[in-house]
Amino acid sequence: MCHHYLPFTETGFCSPIIADFLTGRTPLRSFYEYIQVNPDFDKAMHVKSTQPLRRDLLAEALYKQYQGIEIREEVRANIGLLQATNTFTVCTAHQPNIFTGYLYFVYKILQTIKLSRDLAVKYPKNHFVPVYYMGSEDADLDELGSIQLNGKTLTWDTDQKGAVGRMNTTGLDEMIKKVADAVGFEPHGPALVEMLERAYLGHKTIQEATLSLVNDLFGCYGLVVLIPDNPAFKQQLIPVMEDELWQQRSASIVGKTIEKLAEHYKVQATPREINLFYLIEDKRERIVKDGELWKILHTSLSFSGEQLKEELYTHPERFSPNVILRGILQETILPNIAFIGGGGEVAYWLELKELFQHYKVPYPVILLRNSFLWIKKDLHDRQRKLGISTDALFEDTELLVNRFVHEHTNAALVLREEYAAVEKLFNELEEKAKTIDVTLIATVNGERTRALKSIGKLEHKFLRAEKKKFAWQTEQIRALKERLFPGNSLQERKENFMPYYAQYGPAWFDMMLKAVKPVTDQFGVISEE
């Protein structure tokens, strides 16, 4: 394997807010605590150690959560370590996409594992546990219920509603059969299909199935999966949720931050008046205040103040934080010092620093997740034959095609001499016009513009004609770009991990771990040789 890295800001896939986050630019610096490229983990650990944490409840709840699943010894040991005050976590979060969804899900988890390892070497007196925090209460099935496999979209056919994590796994056997048809012939395909069957056909809910699958895939690395849809976890957030329901502080606090951010950047998440959902059976609906009552949208449910308080204290699991408060729950229950997220996640965490300060919850180190482009051997061979550098792959397709033609043609496609000759001619005509009638200068310059445009049109036609001579090569370039950047998007946002795992098996994760840089501003390219 060949590893190559280039600055994320030079890929064409980096938003202005993330570019400034990676470079530590002044307009953004006050919105986060620790710089991306050289975070102060010593400070993060010191600050986190001052926070009161119920480590005993955390470990107890996690052990219960793993009941019914063959827990790896590495995971069991890490859950036990969470009870020690010198143990910290490194966390990533993601919804329970069917069959893990997209490649970047795997990249986030591997980066979490690698950072935990690196910190353990740097701080041998401490323990670091990688955690996958499952966003199981997300209700967006349209986003979570489909995957792309070998260029085809597979979609779970179900009409269930509410939190995806609570949905029944009924009907996923058909999707598993399609996966088997697609990758079952690969060396590790049968083992992968068996894992899917064990996870999705052997458990009742999506969150249990996701826990099983992620445990099978990453348990050997000690990755701990946390499902926050749990009374033991929600109970610890009751003071914040009570404040949210009666005082609605988060909207005003985050709103002020957003006003400042919006002066320079596009805002990622906008707070509601109440940033909690009501979660019951097949429903996850917003809570709104209406006079003296709290109503649940799209239902007939409503609560008086007394009824709502009783509901909150008796059933905290029925209250689900949205994106504004989700991080507060995460950092309240975990001894966490670092959070790894994608560009969108980083952008909304930048809105939350003052909210964390208000509730006296330590704000973690925020790290942009690693991004990778995996180039299979046949595509890497094609790239080399075409003479395209790895950095050039990230350029616009037609710019790449045009440069290839310019570099390989014997014809003069750039008409520099002709442009210069036209300019020289019209400069002379302008001088003559001055001696005859100065009003003619405008006419001369108008003709100059038309002549230069004509040269430009000819130049374009020359290039187009020359492209026809290189039709095979230019189509190869376009096909290469489409394979590596499907739909002009990043590969990791389209493809699923299964074709790679089916080919290489667990060794693929070890290959990826060698390429992962937990703290970086670089984009990775991995080429098969």
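Any read-out appearing in this document is the output of simple, stated calculations on the displayed coordinates, not a laboratory observation. Everything numeric in this text was worked out from a predicted model, so none of it was measured. In this analysis, Cβ positions are derived from the backbone assuming ideal geometry, glycine residues included, and neighbour counts consider all displayed protein chains.
Results, tabulated for the structure shown:
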| item | result |
| --- | --- |
| Gain on full stretching of the segment that runs from LYS457 to LYS64 - 0.36 nm per residue minus C-alpha separation | 134.3 nm |
| Distance in nm between pseudo-label sites at GLU194 and GLU482 (7 Å out along the Cβ direction from Cα) | 3.8 |
| The stretch 59-74 versus the stretch 271-329: alpha-carbon centroid distance in Å | 30 |
| Helix axis angle, 238-247 relative to the chain longest principal axis, alpha carbon, degrees | 70 |
| From the coordinates shown, volume of the Cα convex hull per residue in Å³ corresponds to which of (1) 140; (2) 201; (3) 235 | (2) |
| Cβ-defined net charge surrounding ILE238, 14 Å radius [Lys, Arg +1; Asp, Glu -1] | -2 |
| Likely footprinting exposure, THR443, THR474, fewest C-beta neighbours within 10 Å first | THR443, THR474 |
| Tilt relative to the chain, helix 416-436 - C-alpha long axis, 0 to 90 degrees, to 10 | 60 |
| Whole-Å distance, taken between Cα centres, linking the stretch 1-41 and the stretch 75-123 | 21 |
| Order of CYS220, CYS91, CYS2 - criterion: other Cβ atoms within 10 Å of each residue's Cβ, fewest first | CYS2, CYS220, CYS91 |
| Percentage relative contact order, the chain, counting C-alpha pairs under 8 Å, at least six apart | 24 |
| Euclidean distance between Cα centres, the stretch 418-461 to the stretch 334-386, Å | 54 |
| Environment charge at VAL224 (Cβ cut-off 11 Å; Lys +1, Arg +1, Asp -1, Glu -1) | +1 |
| Extended-chain gain in nm, criterion 0.36 nm per residue less alpha-carbon gap, HIS315 and GLU395 | 23.5 nm |
| Label zone at ASP243 (point 7 Å along Cα-to-Cβ), backbone N below 19 Å, the stretch 255-282 | 255-258, 271-277 |
| Nearby lysines by direct alpha-carbon distance to LYS432 (threshold 24 angstrom, same-chain neighbours under 8 apart not counted) | LYS424, LYS453 |
| With at most 11 other Cβ atoms within 10 Å, longest stretch of the chain clear of loop trypsin sites (Lys or Arg not before Pro) (DSSP) | 361-529 |
| Estimated 222 nm signal from helices in the chain, with DSSP H stretches of n ≥ 4 weighted -39500 (n - 2.57), rounded to 500 | -15000 deg cm²/dmol |
| Fewest-first ranking of TRP246, TRP508, TRP374, using other Cβ atoms within 10 Å as the exposure measure | TRP246, TRP508, TRP374 |
| Proximal aspartates and glutamates to LYS461, defined as alpha-carbon separation beneath 18 angstrom and excluding residues fewer than eight positions away on the same chain | GLU398, GLU407, GLU417, GLU418 |
| Cα shape, the stretch 1-78, gyration tensor, a/c 1.5 rule | oblate |
| Neighbourhood net charge (13 Å Cβ-Cβ; Lys/Arg +1, Asp/Glu -1) for SER49 | +3 |
| Cross-link pairs beyond the 28 Å C-alpha cut-off, checked among LYS385/LYS494; LYS377/LYS517; LYS256/LYS289; LYS108/LYS152; LYS377/LYS494 | none |
| Rounded FRET efficiency, nearest 0.05, which uses the C-beta distance separating SER49 from SER300 and R0 of 51 Å | 0.60 |
| C-alpha long axis of helix 55-65 to longest principal axis of the chain, angle in ° | 80 |
